[in-house]
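Take a look at the following structure, please.
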């Protein structure tokens, strides 16, 4: 087992676990440092590589966004003057045909149909407004101040949207990340405080996992270097608890026993995510069992895919329980060294990744920060993102974490799941719940993807490019007779010091029946034996074959599976010494429809495969020739036509239209030639259906409410759904994508739009948007504005009396009445804040309602129309009805002599036990209280009167009122004193 990133920046990594069939090469660091697959090479100033100067450290400056201010297009922020009443605020808002959303107790956001600058002018002129401003947009600013972030890290971290993800989460919380590697420099200042106790599985006498190679410090730092500490680099996990577990020795290699021990130890000591930037060929069931055990204990296992540049399986990466990570450059293009195969799950940048370096292994005069290139460097990026995901959703199983990372990855290379990027390039922001973005682009096919479309060659040379991972370019020459044919394929300059993607030429020659004649490959440059360094330059593959008469086919491909925008050249000639090289196996297919990597296929297409030779019809079935969904791998329900021997073809007919904007894979596996018992090699081809504008919402419904609207919709099948966008206008005109007010943008199926104005009509439009930026036709829904009123026959009655409450609900614009509308009459005691339903009424043909009511206490009444599928809801103003108690009064006797007494008595209904009533006397044109008593349990009162003067004197009793009832007076009583 060896470390996974044993490559110099811009130099080819070694094949893992094998002898050094390719020369050991330096891993170039910020210091020109020290890491090699087979061992540690100390670089000094006198070595063959000139020492680099210490990096310049400019003061950190955050990147500048566009200088043009951005603001919400139809909204302004408003602070009203102190003591502005709510009714005055509502009046101001309604003046602009707008609505308000509360921001704080005295600040609101006013939204309307006017443009924001125009709305701002009007709002500023309103006398109740103290301050007003456009609602400016601010951008995320989770930019760490680490010294090398802006110069070295920002570009490749943006590739996987890590900076945006940091605005969602900057902590892995309690998710301990174990890094199984060569150990760690625990005293590195950028790692101090981010480590938990680790383990040394390599040596029982040295318990501490000291890094004597440098690789472990580097991979751990990608995950856990302190972020925003003003120094060095920022770890992808921002704030991580990392557990160093040493399983590899000073030479960068180790044994499965130590790796398995390290896995078990990490699991037993609380690790929730494991990173292994190591691997090699050879399936070890014991190691596999350790991985299975870790996953069964809820641990996410992330492994570097390997740096072999071939599809040879690497372990433990190819174990299905692990997340295998391939490497790209900062532009999201697969590197030439990254291993590939059906077992690769996901990809991340792995070229020039700056990280922490071992201080002890860093030459004097250089900072302990090293550049890392290899899948060893891409795996820790995915590991840190997995830890962030686990922290946000702690209950997620490893399978759910993997599903989230892979399902939300951005497609790259051949569309759909492929052998090079797996599910695509990891998207940290989407994985943490952020909005998805577009896939990485891919070039269209160049028209010679199969032998049937081979480009005819004339003597001389032709230039072309391999512009998609795994692509094969086909050419055809047509000798009139048998002859010797020499084919030469020359690639562009191969230089891993300069390029992350290089062309390793592979050429294969076939006869007219596509049987192999010969091949040649020059996968990697020769080595200068005097220096041990590769000899950079164009690589040439040459084969000389005995070509029979008839068509001869030539297949050109990049041996490492990557793409290269630089052209290769192909030439052929007659004569020469036979040197066919390895004879390739017979090619299975002559033609396929649609073309391989076609990007504009109609959804009604019927794929067809044309084989190269006569086939055994019994071997062709729905089990051996299938159409798969390229995104999910699911079999697409289809019928398979009978094999046609005359054309050697078979047609696949899907049972229904294919999905728009969806990758599909034609998979051929297990078919045989006629008369042969051996199955042909597996073969596949990919195409993408046309990504047209998505369909309009299947349904778009709405129902009005008071100051709100409830909207719901059904999203049609949209495999690349980005979001549903809902906008509104005040009035009957539907908004466009650039007008009106944004109500909703997301992937949900309903929204409640609040803060609307009473009496206004609102028109909503909704669009489906796909990830390619296409919009559906709008679905439109209008809700008409309504107005309502309330009145009563009296607002002041005596206890026991009744009132008639009348109301109306009419359309705002034309007073149109709707019969049968539900109107709810609510009442609350004056001293309560809670309304209760008094009556559920229905409007007449004139839009009115009427209800007779006998309130027992002073009451507040109001009516509502809750709204319906076409009308906005309304609420009337409150109306208060004061209820005064009835008070009886008796003065007996009414005539007395001076010095005698009389009684003033009566009852209060309803009884108010203990409530005071006052006896008042009229004197000098003023009523004055002269005595008081408290009411009995029955509401009875009595006063004794003994006047001191003769004449006629007026008396009455006053009930002063309380929370339930208004004040009341008895009738005036006249006492005659003689």
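The values are calculated or read from the model by the stated rules, or taken from the named source; none is laboratory data. The structure presented is a predicted model; accordingly, all values stated were derived computationally and were not measured. We place every Cβ from the backbone using ideal geometry, glycine too, and count neighbours over all the protein chains shown.
Name the single residue, out of those in segment 158-174 being touching a helix residue (DSSP H, G or I) at 6+ places or on another chain (Cβ under 7 Å) and buried (at least 24 other Cβ atoms within 10 Å of the Cβ), that is nearest to residue 331 (Cα to Cα).
Filtering first and then ranking leaves 160.
If you don't mind, another one. Could you go through segment 334-351 and let me know if any residue there is under 21 Å from residue 213 (Cα atoms), crowded, with 23+ Cβ neighbours inside 10 Å and assigned by TED's automatic domain parsing to the domain that holds residue 387.
So in segment 334-351, the residues under 21 Å from residue 213 (Cα atoms) come out as 350-351.
Of the ones still in play, those that are also crowded, with 23+ Cβ neighbours inside 10 Å are 350-351.
Now drop any that are not assigned by TED's automatic domain parsing to the domain that holds residue 387, which leaves 350-351.
Yes, because at least one residue in segment 334-351 is under 21 Å from residue 213 (Cα atoms), crowded, with 23+ Cβ neighbours inside 10 Å and assigned by TED's automatic domain parsing to the domain that holds residue 387.
Tell me, yes or no, whether segment 231-246 has at least one residue that is modelled with pLDDT under 95, under 25 Å from residue 346 (Cα atoms) and not in a loop (DSSP other than H, G, I, E, B).
Checked against the condition, which is being modelled with pLDDT under 95, under 25 Å from residue 346 (Cα atoms) and not in a loop (DSSP other than H, G, I, E, B), segment 231-246 yields no hits at all.
Sticking with this one: Output the number of residues of segment 700-714 satisfying the condition of being under 28 Å from residue 773 (Cα atoms), surrounded by fewer than 19 Cβ atoms within 10 Å (Cβ to Cβ) and touching a residue at least 60 places away in the same chain (Cβ under 8 Å).
Final tally of qualifying residues: 1.
Let's see how each residue does on (1) within 20 Å of residue 713 (Cβ to Cβ); (2) at pLDDT below 95:
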| site | (1), (2) |
| --- | --- |
| 729 | yes, no |
| 734 | yes, no |
| 747 | yes, yes |
| 755 | no, yes |
| 760 | no, no |
| 765 | yes, no |
| 782 | yes, no |
| 786 | no, no |
| 796 | no, no |
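When you go through 682, 648 one by one, which is the residue that is modelled with pLDDT under 95 and surrounded by fewer than 19 Cβ atoms within 10 Å (Cβ to Cβ)?
On the way: 648 fails: modelled with pLDDT under 95.
Going through 682, 648 in turn, the sole match is 682.
Select from segment 195-211 the residues that are at pLDDT 95 or above, surrounded by fewer than 24 Cβ atoms within 10 Å (Cβ to Cβ) and part of a loop (DSSP other than H, G, I, E, B) and list them in ascending order.
Across segment 195-211, the qualifying residues are 196, 197.
Being outside any strand (DSSP E or B) and touching a strand residue (DSSP E or B) at 6+ places or on another chain (Cβ under 6 Å) is the filter here; which residues of segment 871-892 pass it?
Keep residues of segment 871-892 that are outside any strand (DSSP E or B), which gives 872, 876-878, 885, 888-889.
Within segment 871-892, 872, 876, 878, 885, 888, 889 qualify.
Here is a follow-up. When the residues of segment 527-546 are filtered to those that are assigned to a strand (DSSP E or B) and modelled with pLDDT under 95, which remaining residue is nearest to residue 583 (Cα to Cα)?
527
Please verify whether residue 376 is touching a residue at least 12 places away in the same chain (Cβ under 8 Å), in the same structural domain as residue 218 (by TED's automatic domain parsing), more than 30 Å from the chain's Cα centre (by Cα) and within 20 Å of residue 224 (Cα to Cα), treating the condition exactly as stated. It would help to see each step written out before you state the result.
Details: touching a residue at least 12 places away in the same chain (Cβ under 8 Å): yes; in the same structural domain as residue 218 (by TED's automatic domain parsing): yes; more than 30 Å from the chain's Cα centre (by Cα): no; within 20 Å of residue 224 (Cα to Cα): yes.
The answer is no for residue 376.
I would also like to ask the following. May I ask you to say which residue of 475, 524 is surrounded by fewer than 23 Cβ atoms within 10 Å (Cβ to Cβ) and at pLDDT below 95? Show your work before the answer.
On the way: 475 fails: at pLDDT below 95.
524 is the lone residue from the list that is surrounded by fewer than 23 Cβ atoms within 10 Å (Cβ to Cβ) and at pLDDT below 95.
Consider residue 378 carefully, then state whether it is buried (at least 24 other Cβ atoms within 10 Å of the Cβ) and closer than 30 Å to residue 185 by Cα. Walk me through how you get there before you give the answer.
Details: buried (at least 24 other Cβ atoms within 10 Å of the Cβ): yes; closer than 30 Å to residue 185 by Cα: yes.
Considered against the rule, which asks whether it is buried (at least 24 other Cβ atoms within 10 Å of the Cβ) and closer than 30 Å to residue 185 by Cα, residue 378 comes out as yes.
Then there's this: Suppose the filter is in contact with a strand residue (DSSP E or B) (Cβ under 6 Å, 6 or more places away or on another chain), crowded, with 21+ Cβ neighbours inside 10 Å, in contact (Cβ under 8 Å) with a residue 60 or more places away in the chain and part of a loop (DSSP other than H, G, I, E, B); does residue 146 pass it? Before you say what the answer is, go through the steps one by one.
Numbers: in contact with a strand residue (DSSP E or B) (Cβ under 6 Å, 6 or more places away or on another chain): no; crowded, with 21+ Cβ neighbours inside 10 Å: yes; in contact (Cβ under 8 Å) with a residue 60 or more places away in the chain: yes; part of a loop (DSSP other than H, G, I, E, B): yes.
Against the criterion (in contact with a strand residue (DSSP E or B) (Cβ under 6 Å, 6 or more places away or on another chain), crowded, with 21+ Cβ neighbours inside 10 Å, in contact (Cβ under 8 Å) with a residue 60 or more places away in the chain and part of a loop (DSSP other than H, G, I, E, B)), residue 146 does not qualify.
Moving on to the next point. Can you report the number of residues in segment 409-442 which are touching a residue at least 60 places away in the same chain (Cβ under 8 Å), part of a loop (DSSP other than H, G, I, E, B) and under 26 Å from residue 473 (Cα atoms)?
Result for segment 409-442: 15.
Residue by residue, here is whether (1) buried (at least 17 other Cβ atoms within 10 Å of the Cβ); (2) out of contact with any helix residue (DSSP H, G or I) (no Cβ under 8 Å at 6 or more places or on another chain); (3) within 24 Å of residue 596 (Cα to Cα); (4) in contact (Cβ under 8 Å) with a residue 60 or more places away in the chain holds:
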site	(1), (2), (3), (4)
466	yes, yes, yes, yes
485	yes, yes, no, yes
496	yes, yes, no, yes
507	yes, yes, yes, yes
514	yes, no, yes, yes
532	no, yes, no, yes
543	yes, yes, no, no
552	yes, yes, yes, yes
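Do the conditions hold for residue 306, that is, is it touching a strand residue (DSSP E or B) at 6+ places or on another chain (Cβ under 7 Å) and over 12 Å from residue 180 (Cα atoms)?
Numbers: touching a strand residue (DSSP E or B) at 6+ places or on another chain (Cβ under 7 Å): yes; over 12 Å from residue 180 (Cα atoms): yes.
When the stated conditions are applied, residue 306 passes them.
With the checklist (1) touching a residue at least 40 places away in the same chain (Cβ under 8 Å); (2) out of contact with any strand residue (DSSP E or B) (no Cβ under 6 Å at 6 or more places or on another chain) in hand, flag the one item residue 658 doesn't pass.
(2)
As an exercise: evaluate residue 583 against (1) under 38 Å from the mean Cα position of the chain (by Cα); (2) touching a residue at least 60 places away in the same chain (Cβ under 8 Å); (3) part of a loop (DSSP other than H, G, I, E, B) and give the number of the one condition it does not meet.
(1) is the only condition that residue 583 fails.
Do you know which of the residues in segment 904-914 that are in a loop (DSSP other than H, G, I, E, B) and touching a residue at least 40 places away in the same chain (Cβ under 8 Å) is nearest to residue 888 (Cα to Cα)? Reasoning before the result, please.
Of the residues in segment 904-914, the ones in a loop (DSSP other than H, G, I, E, B) are 910-914.
Now narrow it down to the ones that are touching a residue at least 40 places away in the same chain (Cβ under 8 Å): 910, 912.
Working: 910: 11, 912: 14 Å.
Per the criteria, the residue is 910.
Answer yes or no as to whether residue 913 is out of contact with any strand residue (DSSP E or B) (no Cβ under 6 Å at 6 or more places or on another chain) and either under 21 Å from residue 882 (Cβ atoms) or modelled with pLDDT of 95 or more (or both).
Details: out of contact with any strand residue (DSSP E or B) (no Cβ under 6 Å at 6 or more places or on another chain): yes; either under 21 Å from residue 882 (Cβ atoms) or modelled with pLDDT of 95 or more (or both): yes.
Against the criterion (out of contact with any strand residue (DSSP E or B) (no Cβ under 6 Å at 6 or more places or on another chain) and either under 21 Å from residue 882 (Cβ atoms) or modelled with pLDDT of 95 or more (or both)), residue 913 qualifies.
Inspect segment 605-613 for any residue being within 31 Å of the chain's Cα centre (by Cα), part of a strand (DSSP E or B), crowded, with 17+ Cβ neighbours inside 10 Å and at pLDDT 95 or above and give the result as yes or no. Quick ask: steps written out before the conclusion?
Our first condition is that a residue be within 31 Å of the chain's Cα centre (by Cα); within segment 605-613, this holds for none.
No, every residue in segment 605-613 fails to be within 31 Å of the chain's Cα centre (by Cα), part of a strand (DSSP E or B), crowded, with 17+ Cβ neighbours inside 10 Å and at pLDDT 95 or above.
Which of the residues spanning segment 686-715 are under 22 Å from the mean Cα position of the chain (by Cα) and either modelled with pLDDT of 95 or more or closer than 30 Å to residue 76 by Cβ (or both)?
Passing the criteria: 697, 712, 713, 714, 715.
Would you be able to say whether some residue in segment 838-855 is closer than 30 Å to residue 972 by Cβ and touching a strand residue (DSSP E or B) at 6+ places or on another chain (Cβ under 6 Å)? Before you say what the answer is, go through the steps one by one.
Step one: list which residues in segment 838-855 are closer than 30 Å to residue 972 by Cβ, which gives 854-855.
From what's left, touching a strand residue (DSSP E or B) at 6+ places or on another chain (Cβ under 6 Å): 855.
Yes, that holds for at least one residue.
All but one of (1) in a loop (DSSP other than H, G, I, E, B); (2) buried (at least 17 other Cβ atoms within 10 Å of the Cβ) hold for residue 805, so report the exception by its number.
Single failed check for residue 805: (1).
Based on what the data block shows, is residue 324 in contact with a helix residue (DSSP H, G or I) (Cβ under 8 Å, 6 or more places away or on another chain), at pLDDT 95 or above, farther than 25 Å from residue 197 by Cβ and not in a loop (DSSP other than H, G, I, E, B)? Talk me through it step by step, then tell me what you get.
Details: in contact with a helix residue (DSSP H, G or I) (Cβ under 8 Å, 6 or more places away or on another chain): no; at pLDDT 95 or above: yes; farther than 25 Å from residue 197 by Cβ: yes; not in a loop (DSSP other than H, G, I, E, B): yes.
Answer is no for this residue.
Follow-up. Only one residue in 860, 933, 917 is in contact (Cβ under 8 Å) with a residue 40 or more places away in the chain and either in a strand (DSSP E or B) or over 30 Å from residue 90 (Cα atoms) (or both), so which one is that? Break it down into steps so the answer makes sense when it comes.
Details: 860 fails: in contact (Cβ under 8 Å) with a residue 40 or more places away in the chain; 933 fails: in contact (Cβ under 8 Å) with a residue 40 or more places away in the chain.
When all the criteria are applied, what remains is 917.
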